[in-house]
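Quick notes on the structure that follows.
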Amino acid sequence: MASWVSLLLILLWQSISLAQEESSNAPILEFISETNINNVVQDPQTGRIYLGANDSIYQLGPFLKLQARAETGPKEDARSCTPPASACQDTKPMSNLNKLLLIHPSNGSLIVCGSRYRGICSLLNLSNVEEQIYYSDNKGERTYVASIEDNVNVVGVMSYYKKDGQTFNVFVVGKGYGSLDSTKLISTRILQDYKEWVVFENIIEASTVQTTPFVPKYLHDFRHAFKEDGYVYFLFSRTLDGTDNKNLTFVSRLCEDDHHYYSHTELQLNCGPKNQYNKVRAAFVASPGKELARAMTESGMYGKVVSWNKVLFMVASSDEDDIKSALCMYTMNSINERLMDIISACYSDHGKISGFPAVDIPYSSKTDEFCSSKIGKDMLESYKCGADFLPSPLASKPRYALTAGPVWTTSSLLTAVAVAVENDHTIAFLGNNKGEVFKAHLTAEAKDYGKAPGDTIGEKVNKNLFFDLSHSHLYITTEKK
């Protein structure tokens, strides 16, 4: 049996080496931007690539040939300006940093949100970004989406909203706090005018995650947003309460059709022993493939995992030593189960699990009475997305964080991750702040087998690391390339 296993491993590594040899001879296509690239998205229908750079939006073909370019700055602006633009004083030409790019497929547009005028957005034509479909800078505060602050990260995901028997296209946004921004941690933005609503207006008012005075002290840093099985998830780091500036990583979950954010629940994710890698940098959600699923199951640390389950692959760094970082894996099943444990503890066990406090109450001045009334576990079944009379938002106490051991570590700062499955084996591509992209074969213990080719040394790898539609090529983005 052992000899067969050895033979299989030899054959696997031979095939990997052959693939490396072939790929090293393949031409590397590249596109160079004049300014820093902040966001990159791919149209899943056409394979086109869109780059959100400072003062420009680039539209590229799948082979990185420039098709169109929209100039978004420098344009008149002022940091103290509160639109409408006509009322702004002391404006001057300022750079417009791209903060968010999303494909809006149902009407063929690209959602572009920048730093100009407190973070307003526009819609560009997916077929030709030089054609602006919608832009308005006179709708005031209700259409601020992103942030004027350079260091505030913004993430978003397409979704829907139902009202008056109609279904509207929206995008849900997670945003950190900047001193010149609103305190909307999460917002839902409509993409058409409807009655009193205007394009890009926030159509959900939920004070717990939008207007709280407590938000500035938590130092949220959003890194990823995604949807899965009727839920919207945000991945971010924040402090616990402002008294300690140590970052902790959280994943939060909302029911996609929750129009009040009652279901907003946060779960702390620990990466490494004693949460050594405490600050999330980037993430990728994918199925693990047959061999990795088997290895995860056999390890006993992830429960039963099958090849079609979804796994959150996360790279994180250490506050104490930011030149060390790691890859950790969390199954979506375990994330959801732990979230339900936290909610159930609040509804039926006075916020405790096995006698220990398990439920935290972020963004609220309420204290111990929050989960004091015994609501009953049947409420969990009847109100899976919460309700106005049920406590929210909820978060896990550090004791009940979901913990994973690092499967791959490096003495550099990881900034990007993408995962692919080939012949039942799983490969992680991991980018760092030096422009390197490592390849690691993921099993119970990840193994290096080289780096992606290309002269990318010297520029940080952008968080947007992804594959073409056929999964045969990897797109790597650095600061300007």
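The values are calculated or read from the model by the stated rules, or taken from the named source; none is laboratory data. Keep in mind that this is a model prediction, so the values were computed, not measured. So basically every Cβ, Gly included, is an ideal-geometry build from the backbone, and we count neighbours across all protein chains shown. These accessible areas exclude ligands, DNA and RNA; they are computed on the full protein's heavy atoms, side chains included. Shrake-Rupley method; radii C 1.70, N 1.55, O 1.52, S 1.80 Å.
Name all residues of the range 192-209 having a backbone nitrogen under 17 Å from the label point set 7 Å from the Cα of GLU141 along its Cα→Cβ direction, giving them as ranges. Under 17 Å, as judged by backbone N against the label point of GLU141, lie 198, 201-209 of the range 192-209. For the residues PHE234, PHE63, a 1.4 Å probe over the protein chains yields an accessible-area ranking, largest first, of PHE63, PHE234.
Averaging the Cα positions of each part gives two centres, and for the range 27-70 and the range 76-117 these lie 20 Å apart. Just name one of ALA316, GLY52, ALA283: the one whose Cα is farthest towards the positive end of the charge dipole of the chain (beta-carbon charges, Lys/Arg +1, Asp/Glu -1). Positive-end residue among those listed: ALA316. Once a ≥ b ≥ c are taken as the square roots of the eigenvalues of the Cα gyration tensor of the range 411-481, is the result rounded (a/c under 1.5), prolate (a/b larger than b/c) or oblate (a/b not larger than b/c)? Taking the square roots of the gyration eigenvalues as a ≥ b ≥ c, the range 411-481 is oblate. Only DSSP H runs of four or more residues enter the estimate; each adds -39500 (n - 2.57), and after division by the residues of the chain the mean residue ellipticity at 222 nm equals -4000 deg cm²/dmol.
Computed on the Cα atoms alone, the convex hull of the chain gives a volume of 157 cubic angstrom per residue.
Quick check for me: using +1 on Lys/Arg Cβ and -1 on Asp/Glu Cβ, what's the dipole size of the chain about its Cα centre, in debye to the nearest 20?
In total the dipole reaches around 400 debye.
Once a ≥ b ≥ c are taken as the square roots of the eigenvalues of the Cα gyration tensor of the range 195-268, is the result rounded (a/c under 1.5), prolate (a/b larger than b/c) or oblate (a/b not larger than b/c)? Oblate, since a/c reaches 1.5 and b/c is not below a/b.
Of the trypsin sites (Lys or Arg not before Pro) in the range 231-327, the ones in a loop by DSSP (not H, G, I, E or B) with at most 14 other beta carbons within 10 Å are LYS246, LYS304. Gain on full extension, evaluated as 0.36 nm per residue between PHE356 and ILE133 minus their Cα-Cα distance, stands at 74.8 nm. Of the listed residues ASP322, ASP77, the order by accessible area with a 1.4 Å probe, largest first, is ASP322, ASP77. Kirkwood radius, the range 283-437, all distinct C-alpha pairs, inverse of mean reciprocal distance: 17.7 Å. In square angstrom, rounded to the nearest 10, how much accessible surface does CYS271 have for a 1.4 Å probe? Surface open to solvent at CYS271 totals about 0 Å².
Carbon and sulfur atoms: what percent of the 1.4 Å accessible area of the range 295-389 do they account for?
Using a 1.4 Å probe with all protein chains present, the range 295-389 comes out at 49 percent carbon and sulfur.
When the C-alpha to C-alpha distance is required to be over 25 Å, the pairs from LYS184/LYS352; LYS139/LYS463; LYS447/LYS480; LYS439/LYS463; LYS65/LYS463; LYS246/LYS377 that qualify are LYS184/LYS352; LYS139/LYS463; LYS447/LYS480; LYS246/LYS377.
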